[in-house]
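Below is one structure, written out as structure tokens, with a few remarks after it.
The values are calculated or read from the model by the stated rules, or taken from the named source; none is laboratory data. Bear in mind the structure is a predicted one, so any value in this text is a computation, not a measurement. Backbone-built Cβ (ideal geometry, glycine too); neighbour counts: all protein chains shown. Each accessible area value is taken on the protein alone, full model and side chains, heavy atoms only, with ligands, DNA and RNA left out. Shrake-Rupley method; radii C 1.70, N 1.55, O 1.52, S 1.80 Å.
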Amino acid sequence: MCGCRASVPSTKQYSVSQPAPASTKQGPPAAAAMPKGVPIAKQLASIKALRKGSDLEKAFATAALVYNNYADPESKLSKAETKSLLQSQFWHFIQGQENKPKYQEIISSLDEESENKINFEDFMILLVSLTLMSDLLQEIKNVKTTK
């Protein structure tokens, strides 16, 4: 493990106020400060090296572009901004995870000292962690890949 906060197990127990059940949710919450500017697809298209890139390369480039669009000039996000970004841009992956202890731990760590900043590497670890615990991952695994 890299030793960054998101990948270091915690022994603390957290309590998180529970949002409405997933079945009553209609869509992702609006991001507080969604940046206005060039759409991600257009930004991706402008990267010559990715014109013939694989889907995986484009997926990671998309994650990097989304992060960079929200990051400050030092390429960092506050924990509060990170939480908002995850809840608005990664909503389908975190939907229904509210009662899982690991999800509560991750979100609680973003609530603690919310003005502190995280870098891109820690952001990606959060994305991978949330993806691995997501119910959506199982649905993705069950998608038929042959005709």
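For the reader, a short list of remarks on this structure follows.
- Computed 3J(HN,Hα) for segment 53-70, one whole-Hz value per residue from the Karplus formula 6.51 cos²θ - 1.76 cosθ + 1.60 where θ = phi - 60°, is x, 6, 4, 5, 4, 5, 5, 6, 5, 4, 4, 5, 5, 4, 4, 4, 5, 9, glycine and proline marked x.
- Rolling a 1.4 Å probe over the protein heavy atoms of segment 33-122, with every protein chain left in place, gives an accessible area that is 56 percent carbon and sulfur.
- Reachable aspartates and glutamates from Lys117, criterion Cα separation under 19 angstrom, eight or more residues apart if same chain: Asp72, Glu74, Glu81, Glu105
- Heavy-atom surface of segment 55-147, accessible at 1.4 Å and reported per residue (Å²): 58 Å²
- Entries in Lys79/Lys100; Lys102/Lys141; Lys52/Lys141 that, when Cα-Cα distance is taken, lie over 24 Å: Lys52/Lys141
- Most to least accessible of Lys52, Lys58 (protein chains only, probe 1.4 Å): Lys52, Lys58
- When peptides 105-114, 40-49 are sorted by average Cβ neighbour count within 10 Å, with the highest value leading, the order is 105-114, 40-49.
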